[in-house]
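Take a look at the structure below.
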Amino acid sequence: MTPDTTGTPNRREELGFIAFIAANVALALVMYKIPFLANVHNAATVLVGLSFAARRQFDYVVYTGAYIVGAELVWRVCHATLSYESGKYSLVAVFGFALWVMGRWVPMMPILLYF
């Protein structure tokens, strides 16, 4: 079976995307009722992003960054006990680690002292 090179999603990809959206809606409703789960969700999301970077799957690192940006709004709405800057720090951690794995980032002391 040859892969579809036209760029159009197949039925399995469409169903996977719909399931992903439905799972995130359900997760957001649960996090609204139990705000502590928003903290767990933040930590899990960062760990997933770091694992993608460690496995050199940089496309997924970018997807994780976009997910963090959207999830930060949910974390705030759910009244998580996270800092309002946690989404930004999560992005810096995931993308900084990815750049380090790629060999394109060498941490400089002034930058590390700023954070």
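Structural remarks
- Here Trp75 passes the criteria (1) touching a residue at least 12 places away in the same chain (Cβ under 8 Å); (2) aromatic (Phe, Trp, Tyr); (3) open to solvent by 40 Å² or more (accessible area, probe 1.4 Å) except the one numbered (3).
For (1) of a type in the set (Ser, Thr, Tyr); (2) closer than 21 Å to Arg104 by Cα; (3) open to solvent by less than 80 Å² (accessible area, probe 1.4 Å), each residue gets a yes or a no:
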| site | (1), (2), (3) |
| --- | --- |
| Ala54 | no, yes, yes |
| Phe58 | no, yes, yes |
| Val69 | no, no, no |
| Gly87 | no, no, yes |
| Ser90 | yes, yes, yes |
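The values are calculated or read from the model by the stated rules, or taken from the named source; none is laboratory data. Please read these numbers as outputs of a predicted model, since none were measured by experiment. A quick note on method: Cβ atoms are made from the backbone with ideal geometry, for glycine too, and the neighbour counts reach across all protein chains shown. Note: accessible area is taken over every heavy atom of the protein model, side chains too, but ligands, DNA and RNA are not part of it. Shrake-Rupley method; radii C 1.70, N 1.55, O 1.52, S 1.80 Å.
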